[in-house]
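Notes follow once the structure below has been shown.
The values are calculated or read from the model by the stated rules, or taken from the named source; none is laboratory data. What you are looking at is a predicted structure, and each value in this text was computed from that prediction instead of being measured. Positions of Cβ are backbone-derived with ideal geometry, glycine not excepted, and every protein chain shown enters the neighbour counts. Please note that ligands, DNA and RNA were not included when accessible areas were found on the heavy atoms of the full protein model with its side chains. Shrake-Rupley method; radii C 1.70, N 1.55, O 1.52, S 1.80 Å.
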Amino acid sequence: MAVEKIVIVGGGLAGATAARTLRAEGFSGGITVLAGESHHPYLRPPLSKEYLLGQAGEDALPVVPAHWYAENDVDLRLGDAVTALDPAAHTVRLGDGSRLDYFRLLLATGARPRSIPLPGSGLDGVSTFRTVDDSRRLRSSLAGGGRTVVMIGSGWIGMELAAAATAYGNQVTLLGLEDVPLGAAIGPELGGFFRALHESHGVRFRLPAAAQEITGSSGKVTGVRTDAGELLPADLVVLAVGVVPETSLAAAAGINLRNGIPTDASLRTAVPGIFAAGDVANALHPFTGEHHRSEHWSNALNGGKVAAKAMLGQDAVLDTIPYFYTDQFDVSMEYSGFPSLTSGPPAVRGTLEGKEFIAFWQREGRVVAGMSVNWPHAGKPQKAIKALIAARTPVSALALADESVPLDQLLAEA
């Protein structure tokens with residue numbers, strides 16, 4: 001393989017991890033990483049958490065140090081947009097018209113913020129949130145406090161941004177289409193827990209409510225009018241209504257799309273020689289036998305590793321249990337499992353009132369997801385949760401909720 005070339009389109013966590021894994025696995029051929037942004041590949045989770053809050057610096061962001069690429073003979077091209085793919089010729093075309101040949105191609109193009117056609121969305125003071133530049137601008141706007149902020153979107157990012165904005169001393173009102181924030185993700189009871197947490201710190205909610213227009217004066221935002229006719233004052237509006245997979249290159253090249261780019265468990269697309277990883281990949285998961293597209297960092301990290309090994313002909317599959325975390329005010333939460341398999345209320349160990357609990361979701365008696373919040377006891381709750389999910393063994397809901405049964409003994413209680 002010494003003369004073969006691998007091209008990675010996308011300079012995020014999945015793409016950078018794939019490059020690092022290729023070298024770690026002994027691949028000595030050419031590796032080119034085409035990053036659309038002008039920054040070295042970086043981690044996104046800190047952008048809405050500790051980096052936004054000023055609790056972490058620039059050194060918390062890089063996937064690998066900047067010098068790693070040259071030292072490992074990886075051709076990292078920053079701000080180099082890919083304009084077209086030619087699967088038949090095994091080439092990619094760049095913005096300057098030049099072409100690159102490839103032996104294997106990895107599409108790690110990520111996702112872009114979802115847009116909503118709101119009048120006034122182009123006013124000064126209105127922004128989306130996705131990149132490190134977005135985080136820097138928002139931190140600069142929030143850090144002095146005293147701002148009136150309207151957050152549009154009641155998902156994880158919207159809630160994290162609302163917490164950060166409030167922590168800086170700003171007044172935040174959050175709009176969302178759900179009856180309860182995060183309700184679609186974790187259900188009304190736990191969504192209510194997070195709403196109460198935010199309200200205790202001064203965040204105001206308008207739920208369910210949609211933004212009808214963004215008002216302004218002299219080119220600057222002044223407020224948001226809801227579909228109920230209420231005008232909410234604002235000198236800063238953040239659109240945090242989710243993201244969509246960046247599939248434009250794949251679509252133009254004739255690659256089949258279905259909620260992203262469908263792949264097998266080894267992240268191969270239907271087109272020979274082309275793989276996909278990260279936010280854009282809708283991968284077959286061996287655990288469920290279904291396709292899942294995840295926008296969380298652990299999927300990008302593990303997907304980058306699997307794609308690299310699979311491109312080298314190794315028997316690698318993306319079979320890890322999905323994981324993500326959030327930090328909001330004094331609450332630290334971790335979640336492992338398959339949200340698409342959850343339904344109904346979870347079994348809860350601990351108390352929501354005490355802000356220390358674990359929630360277990362089951363299907364046919366088997367644990368399919370688990371969320372730990374500020375869990376203070378010995379052991380690693382997420383390790384135990386993942387073990388329960390992987391075991392596929394029915395467990396009593398009473399045992400799951402019983403704190404006298406140690407987490408690592410729950411399988412014995414099945």
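A few comments on the model shown:
- Centre-to-centre separation between the Cα atoms of segment 5-52 and those of segment 374-414: 35 Å.
- Derived from the Cα gyration tensor, the three semi-axes of the equivalent ellipsoid of the chain are 35, 30, 19 Å, largest first.
- Volume of the convex hull of segment 97-157 (Cα atoms only), normalised per residue: 181 Å³.
- Calculated FRET value between residue 207 and residue 94, using beta carbons and R₀ = 35 Å, to 0.05: 0.15
- Given charges at beta-carbon only (K, R positive; D, E negative), |dipole| of the chain in Debye: 380 debye
- With only the Cα atoms considered, segment 319-373 has a convex hull volume of 84 Å³ per residue.
- Rounded to the nearest whole Hz, the Karplus-based 3J(HN,Hα) values (6.51 cos²θ - 1.76 cosθ + 1.60, θ = phi - 60°) of segment 85-91 follow the sequence 10, 10, x, 5, 8, 6, 9, with x at glycine and proline.
- Excluding exposed DSSP-loop trypsin sites (Lys or Arg not before Pro) (at most 14 other C-beta within 10 Å), longest clean stretch of the chain: 115-257
- Think of a 1.4 Å ball rolled over the protein heavy atoms: the chain then has 42 Å² of accessible area per residue.
- In terms of its C-alpha gyration tensor, segment 259-314 comes out rounded, because the ratio a/c of the largest to the smallest axis stays below 1.5.
- Taking a sphere under 15 Å around the Cβ of residue 233 and counting the other residues whose Cβ falls inside, with K and R at +1 and D and E at -1, yields a net charge of +2.
- Relative contact order (%) - segment 59-171, alpha-carbon pairs under 8 angstrom, separation at least six: 12 percent
- The portion of the accessible surface of the chain made up by carbon and sulfur, rounded to a whole percent, is 51 (1.4 Å probe; DNA, RNA and ligands excluded).
- Under a model in which nothing but the beta-carbon of Lys, Arg (+1) and Asp, Glu (-1) is charged, segment 258-414 shows a dipole of about 480 debye around its Cα centre.
- Value in Å of the Kirkwood radius, where segment 216-323 supplies the Cα pairs that are averaged: 16.1 Å
- A Cβ-based charge dipole, computed about the Cα centre of segment 1-130 with Lys and Arg at +1 and Asp and Glu at -1, lands at about 420 debye.
- Mean separation of Cα contacts under 8 Å, 6 or more apart, over the residue count of the chain: relative contact order %: 14 percent
- Per residue, the Cα convex hull of segment 67-169 amounts to 191 Å³.
- Partners of residue 309 within straight-line reach, counting lysines whose Cα lies under 23 Å from its Cα and excluding those fewer than 8 residues away in the same chain: 5.
- Segment 201-215 and segment 224-254 have Cα centres lying 14 Å from one another.
- Segment 67-131 versus segment 255-288: alpha-carbon centroid distance in Å: 18 Å
- Dimensions (Å) - segment 45-103, Cα atoms, principal axes, largest first: 47, 26, 19
- With both labels modelled 7 Å from their Cα along Cα-to-Cβ, the residue 64 to residue 290 distance reads 3.6 nm.
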